[in-house]
Amino acid sequence: MTYQVLARKWRPKSFRELVGQEHVLRALVNALDHDRLHHAYLFTGTRGVGKTTIARILARCLNCEVGVSSEPCGQCGACREISEGRFVDLIEVDAASRTKVEDTRELLDNVQYAPTAGRYKVYLIDEVHMLSTHSFNALLKTLEEPPPHVKFLLATTDPQKLPATVLSRCLQFNLKNMTPERIVDHLRHVLDAEMISYDEPALWQLGRAAQGSMRDALSLTDQAIAFGSGKLRDDDVRAMLGSVDTGSVHRLLQALAAQDAEALLATVTALAEQAVDYAGILEALLALLHRVALAQALPEAVDNSMGDADEVRGLAAQLTAEDAQLFYQLGLNARRDLPLAPDPRTGLEMALLRMLVFRPDGDGASQAAPAETSPAKKPEGPPVPRRAEAGAQSSTGSVSQAPEQERQPSRFDRRAPGRPDPAPESGSGPASGPELRQRAVTDSAPAVPGPTAPLSVPDRIALAPVMPEPEPTPVVAAAAPLPADLITPDSWPENFQRLGLSGVLGSIAANCQLLAVEGDVWQLRLERQQASLFNDSHTARLQEVIGERLGEALHLQIEVGDVDGDTPARWQQRRRRERLEQARQLLDNDPLVKGLREHFDAVLLEDTIEPL
């Protein structure tokens, strides 16, 4: 008997067999059971999430000889023929290969005729966004008012390319990507039914590699079974996919947490024997550090997409938040600089050693800084900068004088808080801070060559006033509840940061518009472009976290749609643009900048301006 691939063999034939997409199934089942059917349905989503499958199941429900219901019998002639792809009244059209207006007109010429064998004539148009503009225009009138015996089922992976006139004539259902947990659960069911042995880690690798597509997951499973001679083994799947061993990445981070250089390099050596992709190891380490940081900020935000949620929480307990952020930043820089390393392994090892060496010790001092070993008694008070200290010693004759060509501190030197200004020269009276800065710029500025005599820059350029340091942002105590009337629809964007949300929950809430607050009920609307981040579990978690911050119980109602007002994310972006424009204007009006442009043809690099 001819072998049938898993993706076709296990394609659902009823809504009960369908995995995921509960939000779509609920609407369709209720419409079928209560006889509230629309004439045109549009299914959108990425590849392999069930668009065509749902359309075919809906066609079976409409044409089952037993009657229209959400549970077709599966035994009648119509059900069998639809499953086998030979039902005469189910017209499947591949819009990618029939884009011309002539093809569409030929298709619509038969719409007026009654169905041959079924109850409804169903037009299933796949990848409908590929139709030409003229084809859409030809389709519009029929799509809006088709004969009562016609149903249109449209499917597309790119709804943004559909005209608004088509979208307004259809009921639109957005199918979500499958989570790795859901894919793994279904693969277990399929492999148990097929009586194929498997390793649990192998399923998680396939679930992640599918990237939300159940069809891709089943196709990869077929390939892995063939690769492993009828068995699904972790090592075989990793070799087939070319993926990095998750356990090795965990061992790298555990060695960093334990400050064990020997274990760290031994793990790299073991990885090198497997001829791994070193850039892939860095990417996997960065992904793990991201999940560790999430676990530290909000433990329940850690998903089990890799089957290692408990291990991630354990690593989060071993590392401080500062360690996780430092390792992540060093890893990002190393990933960028990896092509510049002598070889990829050297680049990876140096990145790991930097994480090991630059990790702060218990009292906050860097391990890279050498300890003070001088037996001399240290003076009390704040430490003196090395250059200023050398200058002070030279005035007493205890050490040799600093070279004359050494650059004096200029206005552009960053002075740390509490660091004293350089000592005045011998013979000069006491000078204030602004006078010292004026003297430093005057002494260090080069002369401008002229036709008769050199012209000193300070003679022509007035120094700009020193801008005061920005006041620190007040920190809201985590334990104290915020005022109950803090959040309103108008103040939501501005006061959002005070809720202290972070991670996935913070990203979702920041892209929501607060529509209304009625007692303990909050109505929010999430931007449609951000809907891929959202699932049903986030509502309950946001409800709990925000309620704790405000000290009262809340009930959140979150809908997905077009946002026409301010969200916290939009407000922050607008504020940043305003501050950036203000910073540019301050620099443009700065006398020093004007002088540098006039005398040196200096150019202000606007892309490098960052508001404080």
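Ligands, DNA and RNA are left out, and with a 1.4 angstrom probe the accessible area of segment 34-148 is 48 Å² per residue. Each distinct pair of alpha carbons in segment 489-537 adds a 1/r term; the inverse of their mean, the Kirkwood radius, is 11.6 Å. Segment 167-196 and segment 516-588 have Cα centres lying 30 Å from one another. By accessible area, using a 1.4 Å probe on protein heavy atoms only, segment 568-612 has 49% of its surface on carbon and sulfur. Probing with 1.4 Å while keeping every protein chain in the model, the per residue accessible area of segment 243-360 equals 47 Å².
Please report the net charge: other residues with Cβ closer than 10 Å to the Cβ of S14, K and R +1, D and E -1. Walk me through the numbers on the way to the answer.
Details: positive: K13, R16, R60; negative: E17, E71.
Net of charged neighbours comes to +1.
If you add up the charges near L232, with Lys and Arg at +1 and Asp and Glu at -1, over every other residue whose beta carbon is less than 14 angstrom from its beta carbon, what do you get? Let's see the in-between values first.
On the way: positive: R188, K231, R233, R238; negative: D192, E194, D199, E200, D222, D234, D235, D236.
Once positives and negatives cancel, what remains is -4.
With every protein chain left in place, what is the accessible area per residue of segment 490-612 in square angstrom, probe 1.4 Å?
Numbers: 7110 Å² over 123 residues.
Per-residue value: 58 Å².
Using the Cβ of R525 as centre and a radius below 13 Å, the other residues enclosed give a net charge of -3, where K and R count +1 and D and E count -1. Expressed to the nearest 5 percent, the antiparallel share of DSSP beta bridges inside segment 471-611 is 45 percent.
Structure note, pairs K9/K161; K9/K100; K176/K231; K141/K161: Cα-Cα distances above 27 angstrom occur for K9/K161; K9/K100; K176/K231.
Give me the percent of accessible area attributable to carbon and sulfur for segment 149-290, probe 1.4 angstrom.
On segment 149-290, the fraction of accessible area on carbon and sulfur atoms equals 50 percent.
The values are calculated or read from the model by the stated rules, or taken from the named source; none is laboratory data. It should be emphasised that the depicted structure is a prediction, and the values quoted were computed from it without experimental measurement. All Cβ positions, glycine included, derive from the backbone under ideal geometry; neighbour counts span all protein chains shown. Each accessible area value is taken on the protein alone, full model and side chains, heavy atoms only, with ligands, DNA and RNA left out. Shrake-Rupley method; radii C 1.70, N 1.55, O 1.52, S 1.80 Å.
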